[in-house]
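Worksheet: the structure to be examined is printed underneath.
The values are calculated or read from the model by the stated rules, or taken from the named source; none is laboratory data. Source: prediction; values computed, not measured. Note that each Cβ is placed from the backbone with ideal geometry, even for glycine, and that neighbours are counted across all protein chains shown. Note: accessible area is taken over every heavy atom of the protein model, side chains too, but ligands, DNA and RNA are not part of it. Shrake-Rupley method; radii C 1.70, N 1.55, O 1.52, S 1.80 Å.
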Amino acid sequence: MTMSWFAYTLMVFILLTAVTTALFRDVLSAIVVFGAYSLGMAIFYTFLLAPDVAMTEAAIGAGVTTILLLLTIARTTRPSTDRLFERVHWPGVVAVGAFAIVLLWTVLPEMVAVGAEDAPVWANADVTQYYIQHTYDDTGVQNAVTAVLAAYRGFDTFGEAVVVFAAGVAVLIVLKREVFA
Amino acid sequence: MIDPAVGLDEFFVASAALFVVLAIMMFYRAIAGPTTQDRLLAVNVLGTNTVVILALLAAGLGEPWFLDVALIYALLNFLMAVAISKFTVERGGVL
């Protein structure tokens, strides 16, 4: 009971920040308000028992995104503002809202409940059981998720790291500046 | 007196929900402004609020490692204020 009320108030906060971020005409204010959105999302991830995702959201949302966006508006022009909020195109809002409601209406009832007996993950129960039973003997890592990410599919993760590194190098080339010198 | 039937965990989560209501009220300042500095200060206060909410959740859900997230937020909340202050003073010198 208390849990669901906490979730509902948090959802109201997140929706409010997201809509305000989209509607602000002044980009600097939008960046600041986007920081508040990131705060709400971090609390929500924590509430859903995913503190690792919340830590990433804290580092990326509050730290990196703000600085990257500030660098972007430093390189471009900041439009002068005559009014505070963007004009809302209501027919578009209605159309997109109806589309989203139809999507949720069709998709959400098909989703399997958390911990359900007939969840698709149990269709390959042998595979799931293998990782649960043998992870520590195979890799010496206590957390099964970490073991799958860093050991069983280690080359895949390495490839992802290479992609992220290449993207970082590309950003530095575009900025034409030694930011960490 | 706290009613033992309600439980201390529920009490902590309910307090966290009240802090979220406070966050929504504080967000009024972030919308109204009038300057970007007002908004920055409002979001900074929201960040401190977030640390409190995360700590209450850690106590209420009985997961002490949530405090790590709260600590990271307490550290990083500062970063955005510094970056935007530097940006407004030096006009583009962010890093």
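Do you know which residues across the range B:61-90 are more than 7 Å from every other protein chain (Cβ to nearest Cβ) and polar (S, T, N, Q)?
Passing the criteria: B:85, B:88.
Identify the single condition in (1) under 30 Å from residue A:71 (Cα atoms); (2) surrounded by 11 or more Cβ atoms within 10 Å (Cβ to Cβ); (3) free of Cβ contacts under 8 Å to residues at least 40 places away in the same chain that residue A:139 does not satisfy, given that it satisfies every other one.
(1)
Out of B:83, B:30, B:58, report the one residue that is closer than 23 Å to residue A:16 by Cα and in a helix (DSSP H, G or I). Step through it out loud before you land on a result.
Working: B:83 fails: closer than 23 Å to residue A:16 by Cα; B:58 fails: closer than 23 Å to residue A:16 by Cα.
The unique qualifying residue is B:30.
Does the range B:37-74 hold any residues that are touching a Gly at 6+ places or on another chain (Cβ under 9 Å) and farther than 20 Å from residue A:10 by Cβ, and which are they?
B:39, B:40
Among the listed residues A:126, A:82, A:118, which satisfies the condition of being in a helix (DSSP H, G or I) and either among the polar types (S, T, N, Q) or open to solvent by 80 Å² or more (accessible area, probe 1.4 Å) (or both)?
On the way: A:82 fails: in a helix (DSSP H, G or I); A:118 fails: in a helix (DSSP H, G or I).
Among A:126, A:82, A:118, only A:126 is in a helix (DSSP H, G or I) and either among the polar types (S, T, N, Q) or open to solvent by 80 Å² or more (accessible area, probe 1.4 Å) (or both).
Among the candidates A:166, A:147, A:161, A:125, single out the residue that is of a type in the set (Gly, Ala, Ser) and in contact with a helix residue (DSSP H, G or I) (Cβ under 9 Å, 6 or more places away or on another chain). Don't jump to the end; show me each part of the working.
On the way: A:166 fails: in contact with a helix residue (DSSP H, G or I) (Cβ under 9 Å, 6 or more places away or on another chain); A:161 fails: in contact with a helix residue (DSSP H, G or I) (Cβ under 9 Å, 6 or more places away or on another chain); A:125 fails: in contact with a helix residue (DSSP H, G or I) (Cβ under 9 Å, 6 or more places away or on another chain).
Result: A:147 is the single residue among A:166, A:147, A:161, A:125 that is of a type in the set (Gly, Ala, Ser) and in contact with a helix residue (DSSP H, G or I) (Cβ under 9 Å, 6 or more places away or on another chain).
Restricting to the range B:15-28, count the residues that are hydroxyl-bearing (Ser, Thr, Tyr) and either facing chain A (nearest Cβ under 9 Å) or under 28 Å from residue B:61 (Cβ atoms) (or both).
Keep residues of the range B:15-28 that are hydroxyl-bearing (Ser, Thr, Tyr), which gives B:15, B:28.
Next, only the ones that are either facing chain A (nearest Cβ under 9 Å) or under 28 Å from residue B:61 (Cβ atoms) (or both) stay: B:15.
Of the residues in that region, 1 qualify.
Out of A:149, A:103, which single residue is surrounded by 11 or more Cβ atoms within 10 Å (Cβ to Cβ), among the hydrophobic types (A, V, I, L, M, F, W, C) and assigned to a helix (DSSP H, G or I)? Explain how you work it out, then say what you get.
On the way: A:103 fails: surrounded by 11 or more Cβ atoms within 10 Å (Cβ to Cβ).
Residue meeting the stated conditions: A:149.
Only helices (runs of 4 or more DSSP H) wholly contained in the range A:1-69 count here; list those with 3 or more residues that are over 15 Å from the mean Cα position of the chain (by Cα), surrounded by fewer than 20 Cβ atoms within 10 Å (Cβ to Cβ) and modelled with pLDDT of 85 or more.
Working: elements: A:2-23, A:27-47, A:51-57.
Once the helices (runs of 4 or more DSSP H) in the range A:1-69 are filtered for at least 3 residues that are over 15 Å from the mean Cα position of the chain (by Cα), surrounded by fewer than 20 Cβ atoms within 10 Å (Cβ to Cβ) and modelled with pLDDT of 85 or more, what remains is A:2-23.
Taking the conditions exactly as written (within 7 Å of another protein chain (Cβ to nearest Cβ) and at pLDDT 85 or above), does residue B:31 satisfy them or not? First the steps, then the outcome.
Working: within 7 Å of another protein chain (Cβ to nearest Cβ): yes; at pLDDT 85 or above: no.
Against the criterion (within 7 Å of another protein chain (Cβ to nearest Cβ) and at pLDDT 85 or above), residue B:31 does not qualify.
Only one residue in B:10, B:63 is open to solvent by less than 70 Å² (accessible area, probe 1.4 Å) and outside any helix (DSSP H, G or I), so which one is that? Please lay out each step first, then the result.
On the way: B:10 fails: outside any helix (DSSP H, G or I).
Answer to the selection: B:63.
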